[in-house]
1. 7 Å from Cα along Cα→Cβ at both R437 and S290: what's the point-to-point distance in nm?
2. Find how many whole Å separate the alpha carbon centroid of the stretch 172-225 from the alpha carbon centroid of the stretch 128-157.
3. If I model a spin label at T164 and Q237 as a point 7 Å from the Cα along the Cα→Cβ vector, what separation in nanometres do I get?
4. Could you pull the Rg and Dmax for the stretch 532-604, using just the Cα atoms, both in Å?
5. Note down the net charge around C637, summing +1 for each Lys or Arg and -1 for each Asp or Glu among other residues with Cβ under 11 Å from its Cβ.
6. Sum up the charges of everything whose Cβ sits under 12 Å from the Cβ of D1094, counting Lys and Arg as +1 and Asp and Glu as -1, but leave D1094 out.
7. For the stretch 195-314, compute Rg over Rh where Rg is the Cα radius of gyration and Rh is the Kirkwood radius from the inverse mean 1/r over Cα pairs.
8. Can you tell me the order of 842-851, 597-606 when each peptide is scored by its average per-residue count of other Cβ atoms within 10 angstrom, highest first?
Amino acid sequence: MGFLSRTWLLLLLLLGVKITLGLERQTCEVPPEQKCDFVCDCSDCSDELDCGYSGPEFVCDFEHPDVCGWTEGSTQELHRWERRQRGTTLPDSGPSCDYTTGTDSGWFMGVTSVNSDSSHTALLKSPTMQQSSATCRLLIHYFIWDSGHTDFEGSPLWASILGTDSQQAVVWRPESTSIRGWREATVFLGRTHTPFQVQLHSARSQGLRGDVAVDQLEFWDCALPSAGAGAGAGCLQGWFECARGGCVEGRQKCDGTDDCGDGSDEAKCDGYWFCDFEADLCGWDLRTPSPLKWKVLGQANISLSDPLRGPGRDHSTNKASGHFLYLTKPDDWTTLKSDWSSFQSPLLEPTNSTHPCKMVMYTHQFGPRCGGLSVLVAGEKIYPVWERGGSLGDLWVRAEVDLVINSTFQILFTGAIRDREYGGIAIDNIMLSPGCRRSNGTAPIPSWPEPPPHPCTDKLEQFCDFHPDCQGKEDEAQCGDFSYAQGSSGWTDTSIGSQGWKLANDTGERYLSVVEAPGQQLSEAQTRTPLLGPSGPSCSLSFSYRLTGKNPHIGDLFLSVVDSVLGPQPRLWEFSGSTEDWRIQEVYIGARSHRFQLEFSARAKQLSNDSHIVVKDVRFLSCHADNIPSTPSGLWCNFEVDLCSWYQDQTDNYDWKRLTGMDHTISVGSSMVVEMWTPSLRGLSGRLLSFSQPATTKSFCLSFFYKLYGPHTGGLNVKLLHADGAEELLWARSGAHGNRWHEGSCTVYSPFNSYQLVFEAQRSAFDGLVSIDDITFVPGLCSLPSMCSFEGQECDYSSSGTALWVRQRASSANGPKTDHTLETDNGFYMVANTGADVLPQGSVSTLTSSVRPATSHTECVHFWYHTGGENSGSLSVYVKPEAGNRVKVFTNSISQGDVWRHGNANISSSQNFQVEFEVKGAGGQGSYIAVDDVIFSVHSCHAKGAVCDLERGLCGWSNTQSASRDELDWDVTSASEEFRLPTPQEDHTLKTEKGHFLFLPSTARTPASSKAWLLSPHMLPTDMSCLRFWLHRHGSFGKLRVLRLAQGLEHELFVVGEGDSSNWIRHDLNVTSAEEFQIVFEGTTGTEGVTALDDIEFREGVSCSEIIMPLPTPRPPSNAGGIAASIIVVLMLLASTAVILYFYLRVREKVAASTQGPSEISTGFSNQLYDTGSTQARGSASSSQPRVDVIGFGNEVRGDTIEKP
C-alpha cells in the first residue's frame, strides 16, 4: 500500500507539472486584424503591445528599450532619431529632463545634430496600426528649441500618416517657435480606412543634438465602435446600430463621416444632397466678384514636399489624394489683392420647422493666414447664420447649420484670409438633408445688411489693451469683461468637439454655459477672448463658477492662456468635481509682453437638464501694462503676507510657491520655494521678477537669504534684466549647501536704463529644493560678501600693482582649465599672470577685498588657489585693518600641480578690515596664480586632527561638481529639519534629532547606482594614519566605499555592500600612502533608504589601535532617597530665590523710572536668532589700537559651504 500511495503521489505530481507547463506555454492569440486595433482583446492586453503604444492605457513613454515598436526610418545617416537621456550634466542643447519622469534619468526620442549645406529629414515610424475612428487623436509632448541660433527652415517637426497604398498625409504641424521647455499638443489622426503608420519628421540643415524631441505619446478614442456592443442587444433609443456591431449616435447617421467603421451609417441616405468634391462641384457655384477664388484641389495639387502648404489631407478619405474646396493666397500674388472670397448653393425652396434644411459640413481652418469662415443666407435679406473666426487647428471640424427660411434662398459661404506666412481655409463633405430642396423659381433681390460702424481707432493694438482709448470706451467694450454691457459677447466659442460654450441670458444675468455641440471630437469645450494686452504684473482675472447636478463629479473646468507668439501655455487654474453653489475665484495672469487670449475649457462628464457647468461675472483686475502698484517696502520682502514688489515670470517653465513653515525670518513663517523633486516641473527655470525700477546713477546692494539643499539640488541665479531684454548675471550658486539658511548679496551698479531684478531657480537636478527669503535692497555698494565665487561679479575686489588680476572664464588661454566652483570650463575665477614678461621677478600684484566689519570673535577665511607654469611665484594673504600695519596670515610659494588647493586662516580684528591676496613674481614662463571661492565663516577654522561632528560645517570635506566622478551630493541635515527625505532618527554626536550628520538618501527621483563623492583635503604622504568614522545605513540597497585617491588612481580601503544597520557603527581604517592623497567616501544609492556619516576623524602619524577611546561614563546606582532629599532642597532654594528676585525688581523699576531715555527702533530683518554662519557679526569691540590676531592655519573647508552654529 505504501508503494502504491507513493506511485499515485508521483503521478499526480507529474500531471500537475505538465498542466503548469502547458498553462505557461499558452498565449493569447488573436487574428492579425485585431492586433494593434486600440482594443484589448486579450485579458493582459498583450495584443496591444509594441503598437506604437503598449497596454490598456495606449501610452508610450520610451522608458523601455523596445520604444513601443517605433523604428528609425531616416534614409540618410546625417540626421536621425535616437532614444536618449539628458545625461548627468545639463547639456547646451536638448531638454533639461524627459517629460514622463521629469528627471535626467528618464528617456525620450530626440534628433541627432546636423551640419550640412542642405536640409536632411529624420524619420521616426510607428508599427502598423489597424483602422482608426474619426475621433482618434494622439496627445504628444514635444520639444523644439533652436539652441544653436541657426534658425528653422520651414517646419522642424511635423507628423503624417502612411497608408498601405504608400500615400502620406500630413496631420500635424506645430508652430516652430523656439522654447526651452516641453509643450503639449493634440494630433487629430482622424478616420483611417486601412492599416496605417504614424510618422514623425524633423527636417533641418543646421541644428544641435536634442533640439527637437518627443515623449509621452498617448492615443485617445481611436477604437472603432465595439462589435460586441449592440450585437443582438440593440442600441440605446435614438442611436444607430452598425452592420458590424456597435452603436453610434443618431446625429452621426448620414453626416458625411464613416463613424461605424463599415460605412453602414452612411449607406442609406436617400434624399440627402452630399458633395465630397471628388467628381464635380455637385451644383455649388464658385463664381464670385472677388479676384480671390475658391478652388477644388487635392493636397497632391498643392504640395507633397512642403508640410506647411495646404490642409495635408481631405476629410472624405483622410488622404493627400482626396479633394476639397480651398481658399488661400495664390502663389503668384506678391501682395494680397483681396482678402475675401465667396461661393454659393443653387436656389433652394423655403423651409419650415416641420421640414427644416439641415447642413452638415467639415472645415479645415489652419495657420495664421486663416481669417475666418461665415455661412450666410441670401433670401429676402442677407444675414449670417454661422461663423468661426481664425485658426481652429490642424484638423477637419464638423459643423451643423439649421436653416428655417420662409422664402427661396441660397446658402452663401464667405471666407477671409490674411497676408501671412502660411495656412488657408478648406471645406469638404457638405451634406444637406432632404429638407433642403432645389427650387426652379426666381431668386429674390435681397436687401444688404447695414455695414458695421467704423472703429473708434485705427490702431489695432489699442483694442482690448485694458485701457479705454476711445471716448465711449468702445475699444474695451467687447473684450470679455462682464462689467461692460457687451463684454460677455467678447467670448467666442472655439470648440471642435461634442461640447461647446453658449452665452446665455437668464433673468437679465449673463453667463457662459457648457452645452451640446455638433463637433466630432471628444475634446473639451473651449471659449476664448479676443487678443488682449499686453498686461502688467498686477493683472488677475476674477470670475464666479458653478458645477452642479446629481452626480458627485460633474466635470472639469480650466483656465489657460494662449500666447500670440508662444502658443498655448500651461493651465493657470483648474477645478474638478462639483459645487453646491457659486464660487468666486481670482486667478493671477501676470505680466505678459505679447498679446494673448484667455481660454475657459471644460468637459462635462454627462450633459443633462440638471447638470451644469457655468461661468459668470468675469472681470479683468489691474491688467494694464503700466499698472504697477507702489509698495511701501520697495523691493524689501519677507514673503509673510504676499510677494511684495516681486511677481512670477510668465515666460518661464514653472512658478515659485510661497511655502509656510520653513522660513528664515521667524522659522515658522513663509518663504519662496522651488521643490526640485516635484516631477511636474518639466523645465529648466522658474523666475521671480521685481517690478520695473527706474534708471539711476546710484548703485544698490541686493541682500537676501537662500537655501540650496538636497542630494540633487540644482542652482540659483540672480540676474539683472535690462529694458531691452538683455540679461546680466550678478550672482550664482549650485549644488548642496546643507539644510540651513545662507546670506547672499550682490551689488547692482547704477543702471542707466530701467531694469528688473531676477531670482532664477534652475532645475538642473531633481532631488532637493531652492528657497529665498528676507530680501533687502539699499543704496550703496555691498560690504564684502561672506561668499564670492566670481561667477556673476568680482564682488568689489580691486586689483593694483605691476600686473592686474583678471576675472576670466576657465576656457581662456592662460589659467586653470576649470574653475573650482563649477569644475567646468564655463566657470569664472580671478587670475594673475605671473610670467616674467608681465610680472617681473620680485614685483607684486594685489587683489584687495572691500571692507569687512570688525569682528568680536575669531572667524575663518577660506579660499581655493591654483598655481600653474614654471616658477609661478608665491601667494600671500594679508589682513589690512583700517589703521595700522597689515598682517600676513597665509603664504605659499610651492607649485603643487594642476589642482585647486585650499587655504584658510583664522582672523580676529577689532577694526573694519580688508583682505589682500598678493602674488610675487618669480621670473616664470607662462605661469599664473588663480583664486576662487573666497568664503568668510563666523567660526574659527577647523583644527587639524579634531573630530568633525558636522555641527559647524564640513570641516574641509567637500562634494565634487565633476560629472565624470559622480551624479549626486552628500548633504548635511538633522532629523528634526527633514520632512521628505529618509534620514536616521538622530545623529551620533549629540544623539538627538537636532544633531547634524552627512547623508545620502535613495529615492525614486534619482536612479539606483548613482554615486556621490565626498573628498577630504589633500593629505601629505604618510607611513601610518587613522581614519575613523561612524556609519548609519537603513533600508538601503546601495553601498559605501572608502577610497584613497592618489595621482588620479583609486585605491579601495573599505567597502560596505547591501545591508541594513539601524544603529550607528564605528569603523576604523589605517591609511598609508607614499604620495599625496585624498580620502573619498563614495556612496552609491539603492532603491530606498539612507546612508549617513558622522564624527569623522583623521589622525596623522598613528594607527587606529594606538588611539585610546574615552571610556563610557558608568551609570550611577539608584538612590531614590537621595533624589527625594535633593528635590526638597531645590524647592527651598527656588522659594528663596523668588523672594530675592521680587525685591530686586522693585528696586530696578525705581532706577529705570529715573534714567529712562528714548527707545531704539530696529528696522529690517533681525538675524540674531538665525545666524547661519554667513551673517556678518554685529557690533565691534571699542579700541583705539588696531588688533589683528592670527590664530593659525587649520584644516581645509569646502569652498562653497557656509557653516551654521
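1. Each label point lies 7 Å from its Cα, and together they span 3.3 nm.
2. Here the answer is 3 Å between Cα centres.
3. About 4.2 nm, to one decimal.
4. 13.9, 43
5. Here the charged neighbours net out to -3.
6. Details: positive: K991, R1028, R1066; negative: D949, E951, E986, D987, D1095, E1097.
After counting each charged neighbour, the total is -3.
7. Values: Rg = 20.9 Å, Rh = 19.1 Å.
That ratio equals 1.10.
8. Values: 842-851: 18.7, 597-606: 21.0.
Per-residue mean Cβ counts within 10 Å order the peptides as 597-606, 842-851.
Every number in this text was worked out from the coordinates using simple rules, so none of it is lab data. If you're wondering where the values come from, they're calculated on a predicted model, not measured in any experiment. A quick note on method: Cβ atoms are made from the backbone with ideal geometry, for glycine too, and the neighbour counts reach across all protein chains shown.
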